[in-house]
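K.L.:
Handing you this structure, nothing more for now.
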Amino acid sequence: MSQSRQAADSGVLIRFWSLDHHRSEPILWPVSPWAKLVFAVEGAIQVETSQGLHILPANRALWVRAGEPHPGKTLGKARVRTLYFAPELEIDRENGPLEVRPFLRELITEICRVGPVILGQPFATAFATLIQHEAQTAPAIPTSIPMPQSEWLRTWADDFFRDPSVVPDAGTSRRTIERHIIKETSLTLGQWCQQARALIGLRCLATGSTVLEAATESGFETSSGFIQSFRKQFGTTPGKILRSRYPD
């Protein structure tokens, strides 16, 4: 396991944090006044922001705005790389997943290899300009779901992600869940459950499961049913989400 941290010295434009995980475990990012780009060069991670729960296979990163808490965990073995952007390096985009094109992947990897980007260093301006452009223009292709915030409903939602066949407690009616989940997520219960099942399947695929295994784990009777639901939720198939649209 390796870890690299840099102090927020004057003139630093981009810092980085690298950590290789050998199993599924929490990732403890501190809340920072610097915006972040969170990325697993290998493996997959799950991160939560105020916008929802995000599943990030190895061709998705998460943009996290300054001051935003974002607890996460690895989904098995993963090599996680995080870039921190100084406030003066403005990148205007909302919290959420973005597609990591090959050039952006190489920029992230190189910055984590050579060290922080500091004004006055050779190529510092070029590095900052290139990654600013890539992060700004990367396609936003969500692999996310809004999560309820009330304690009882969040407990039910967390249980659903562990087992989509879960049923409400005896004292809670389906109608009560329907009323509260649409209020807290802007999705109907049916929409939320379908989207959650699609993400459960993506989480399985990102950690090496077959399509059939992912379909079974996410509560679908057939692989085709899982693929059709996934396409409806995210506008593409799970296979295409896991593959970059850009040639290496």
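K.L.:
Would you mind stating whether Gln191 is closer than 25 Å to Pro97 by Cα, out of contact with any Asp or Glu (no Cβ under 7 Å at 6 or more places or on another chain) and open to solvent by 60 Å² or more (accessible area, probe 1.4 Å)? Full working, then the answer.
P.N.:
Values: closer than 25 Å to Pro97 by Cα: yes; out of contact with any Asp or Glu (no Cβ under 7 Å at 6 or more places or on another chain): yes; open to solvent by 60 Å² or more (accessible area, probe 1.4 Å): yes.
So Gln191 passes the test.
K.L.:
For the condition among the hydrophobic types (A, V, I, L, M, F, W, C) and either closer than 20 Å to His22 by Cβ or without any contact (Cβ under 8 Å) to a residue 40 or more places away in the chain (or both), what is the one hit in Ala35, Ala44? Let's see the steps before the verdict.
P.N.:
Working: Ala35 fails: either closer than 20 Å to His22 by Cβ or without any contact (Cβ under 8 Å) to a residue 40 or more places away in the chain (or both).
Answer to the selection: Ala44.
K.L.:
Now a separate question. Could you look through the range 79-117, keep only residues that are in a helix (DSSP H, G or I) and charged (D, E, K, R), and pick out the one that is least open to solvent (accessible area, probe 1.4 Å)?
P.N.:
So, considering only residues that are in a helix (DSSP H, G or I) and charged (D, E, K, R), the one least open to solvent (accessible area, probe 1.4 Å) is Glu110.
K.L.:
Would the range 153-165 turn up any residue that is open to solvent by 20 Å² or more (accessible area, probe 1.4 Å), modelled with pLDDT under 85 and in contact with a Phe, Trp or Tyr (Cβ under 7 Å, 6 or more places away or on another chain)? Even if it seems obvious, please write down each step before you answer.
P.N.:
Let us first name the residues in the range 153-165 that are open to solvent by 20 Å² or more (accessible area, probe 1.4 Å), namely 154-156, 158-159, 162-163, 165.
Then keep just the ones that are modelled with pLDDT under 85; that gives 165.
Next cut, in contact with a Phe, Trp or Tyr (Cβ under 7 Å, 6 or more places away or on another chain) only: none.
No - not one qualifying residue is present in the range 153-165.
K.L.:
Write out, first by first residue and then by second, each pair whose Cβ atoms fall under 8 Å of each other, whose residues are 6+ apart or on separate chains, and whose first residue, in the range 176-203, is charged (D, E, K, R) while the second is part of a helix (DSSP H, G or I).
P.N.:
Once the first residue is charged (D, E, K, R) and sits in the range 176-203, its partners that are part of a helix (DSSP H, G or I) give Glu178/Leu189; Glu184/Leu153; Arg197/Phe226; Arg197/Ser229.
K.L.:
Mind checking which residues of the range 41-70 are aliphatic (A, V, I, L, M), open to solvent by 10 Å² or more (accessible area, probe 1.4 Å) and farther than 26 Å from Pro87 by Cα?
P.N.:
Ala58
K.L.:
OK, next. Taking the criterion of being buried (at least 19 other Cβ atoms within 10 Å of the Cβ) and in contact with a Gly (Cβ under 6 Å, 6 or more places away or on another chain), would at least one residue in the range 26-36 satisfy it?
P.N.:
Yes, the range 26-36 contains at least one residue that is buried (at least 19 other Cβ atoms within 10 Å of the Cβ) and in contact with a Gly (Cβ under 6 Å, 6 or more places away or on another chain).
K.L.:
Now for a separate question. Can you name every residue in the range 9-58 that is in a loop (DSSP other than H, G, I, E, B) and among the aromatic types (Phe, Trp, Tyr)?
P.N.:
Passing the criteria: Trp29, Trp34.
K.L.:
Are any residues in the range 124-145 out of contact with any helix residue (DSSP H, G or I) (no Cβ under 9 Å at 6 or more places or on another chain) and either over 20 Å from Val100 (Cα atoms) or without any contact (Cβ under 8 Å) to a residue 40 or more places away in the chain (or both), and if so, which ones?
P.N.:
Ala124, Thr125, Ala126, Thr129, His133, Thr137, listed by residue number.
K.L.:
When Gln136 is evaluated against the numbered criteria (1) farther than 24 Å from Lys232 by Cβ; (2) under 24 Å from the mean Cα position of the chain (by Cα); (3) surrounded by 18 or more Cβ atoms within 10 Å (Cβ to Cβ), which criterion, by number, is the only one it fails?
P.N.:
(3)
K.L.:
Which ones in the range 82-122 are free of Cβ contacts under 8 Å to residues at least 24 places away in the same chain and out of contact with any helix residue (DSSP H, G or I) (no Cβ under 9 Å at 6 or more places or on another chain)?
P.N.:
Selection gives Glu106, Arg113, Pro122.
K.L.:
Are any residues in the range 182-224 modelled with pLDDT of 90 or more, β-branched (Val, Ile, Thr) and not in a helix (DSSP H, G or I), and if so, which ones?
P.N.:
Once the filter is applied, which keeps residues that are modelled with pLDDT of 90 or more, β-branched (Val, Ile, Thr) and not in a helix (DSSP H, G or I), the range 182-224 yields only Thr188.
K.L.:
Kindly evaluate Pro148 against the criterion of being outside any helix (DSSP H, G or I), exposed (fewer than 14 other Cβ atoms within 10 Å of the Cβ) and touching a residue at least 12 places away in the same chain (Cβ under 8 Å).
P.N.:
Values: outside any helix (DSSP H, G or I): yes; exposed (fewer than 14 other Cβ atoms within 10 Å of the Cβ): no; touching a residue at least 12 places away in the same chain (Cβ under 8 Å): yes.
Taking the combined requirement at face value, the residue does not satisfy it.
The values are calculated or read from the model by the stated rules, or taken from the named source; none is laboratory data. Source: prediction; values computed, not measured. Neighbour counts are summed over all protein chains in view; Cβ atoms, including those assigned to glycine, are modelled from backbone coordinates with ideal geometry. Just the protein is used for accessible areas: all its heavy atoms, side chains included, with ligands, DNA and RNA removed. Shrake-Rupley method; radii C 1.70, N 1.55, O 1.52, S 1.80 Å.
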